[in-house]
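Read the structure below first, then the notes.
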Amino acid sequence: MDLLTVLVLNLIFILLTTFAFQYILVIRFTNLYMKFPKFLISLLSTIQILFCISFPMTGNENFIFDLRLIPVVVGGLYGGPIVSIILFVVVVLARIPIGGSGVWVNFFNMLTVTVFISYISIRFRAFSLTKKLYTVFGIALCYSILIFLMKGEIFKDPSNLSFMLIYGLTLTIGILIVTYYIEIIRQNYFLQNAVIKTDKIEVVSHLAASVSHEVRNPLTVTRGFLQMLKDPSIEEEKRLYYLNTAIDELDRAEMIIKDYLTFAKPHSDIASSILVKEEIEKALELILPYANHFSVKIQRDLATGLTITGEVSKFHQCILNIIKNGIEAMPNGGDLFISTRERENGFASIVIKDTGCGMSPAQIDKLGEPYFSTKAEKGTGLGMMVVYKIIHEMGGSVEVMSIPGEGTQFTISLPLHHT
């Protein structure tokens, strides 16, 4: 194979493995990546280095040309000094069996790169995208020039200038593509998480008014009983009744506030086993004041024993978003039904049905798109976009059936967790 074919093959492998790493581990299995980031980055970069060295273009004096520098630089910059040192050891040991003068060139060049990367990697993540691209561009350019000078001046190997230009250009363009690609994926991931948090803030703000109204009721009752207790002529039996009732009302107010704060406070992004019935009931307790505000009656038929895997706070957010939309679709009151059951295919089915205004087929097709909403000027479309994203991350799906003027039914299917 000629040089360009070898380098393109190297670059394609690096891009494919980087995509698989970013999508499967960083996005889909975030918890695993957060536990072992340095190990996983080292593993990916090692695989890429070994592939590049296994498929090189061999020149004089056993000089080999490949794109091993890309995983060394990218892995070191994103993984930090420890990862950079590990990759230095890997690339030096992997080059030794091939032999030739290139072993020492590889050792010296990689040592120089590793020292520089270890120093700059501490600040690299804080760089802007432009500064990151300039950084990797400078490293690739200096490395290419260094290789050319060492081959020509020290080892008296006058390589063809066009040959070195092809190598230098491909290496530089390749490292720019890989770095830009990683940054775009990272930015999209952070943006999606920001959308989820923004949607949660919106839900919290909408629930705040109904929660405050629901808390005001028991406080008003308690105040009335305390005023009656000021009467010295009241019987002891009534006094105890008033005190117990006041305490019960305060407990109810405390429970409402507790449920609200449980949803509102930040949660760690750790997947765990979720008991579907219990967690849906918690969500219903939180949304009940909002339903009462719209005169919506919630009916439930929840199967016991269903367990799924995911983040509890995000599961609550999905259920609350759909129920909240259903409630708002019935401004003059109505009924909302929620049921769960186990399907034969190993999935849990969650059905949420309202008797609201319904949606047309065109509106259903656009559900989950940002900035599309059925709430006229009040909606942003983020709520359903978040629902679709979270359910997809949990390995599930969302089906929607709706008839204008009659209501809408959402069916969520999620894989059951088997112990």
field: Criterion: among the aliphatic types (A, V, I, L, M) and touching a Lys or Arg at 6+ places or on another chain (Cβ under 9 Å) - qualifying residue of V115, V103
entry: V103
field: F108 among the aromatic types (F, W, Y) and within 13 Å of F88 (Cα to Cα)
entry: yes
query: Can you tell which of V72, V105 is at pLDDT below 90, part of a helix (DSSP H, G or I), surrounded by 15 or more Cβ atoms within 10 Å (Cβ to Cβ) and in the same structural domain as V178 (by TED's automatic domain parsing)?
result: V105
query: Taking E393 and the conditions (1) within 18 Å of L191 (Cα to Cα); (2) modelled with pLDDT of 80 or more; (3) more than 18 Å from the chain's Cα centre (by Cα), which numbered condition does it fall short on, given that it satisfies the others?
result: (3)
- prompt: Across segment 271-284, what is the number of residues that are surrounded by fewer than 18 Cβ atoms within 10 Å (Cβ to Cβ) and within 15 Å of Q299 (Cβ to Cβ)?
  reply: 2
field: segment 251-268 - residue that is surrounded by fewer than 13 Cβ atoms within 10 Å (Cβ to Cβ) and of a type in the set (D, E) and, of those, modelled with the highest pLDDT
entry: D251
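When you check F127 against the structure, is it assigned to a loop (DSSP other than H, G, I, E, B), under 40 Å from the mean Cα position of the chain (by Cα) and assigned by TED's automatic domain parsing to the domain that holds F63, yes or no?
In short, yes.
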message: Can you tell me which residue is modelled with the lowest pLDDT among those in segment 108-126 that are buried (at least 16 other Cβ atoms within 10 Å of the Cβ) and under 19 Å from F65 (Cβ atoms)?
response: N109
Residues being modelled with pLDDT under 90, over 15 Å from I280 (Cβ atoms) and crowded, with 22+ Cβ neighbours inside 10 Å - total across segment 293-328: 1
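The values are calculated or read from the model by the stated rules, or taken from the named source; none is laboratory data. Quick caveat: nothing in here was measured; it's all calculated off a predicted structure. In this analysis, Cβ positions are derived from the backbone assuming ideal geometry, glycine residues included, and neighbour counts consider all displayed protein chains.
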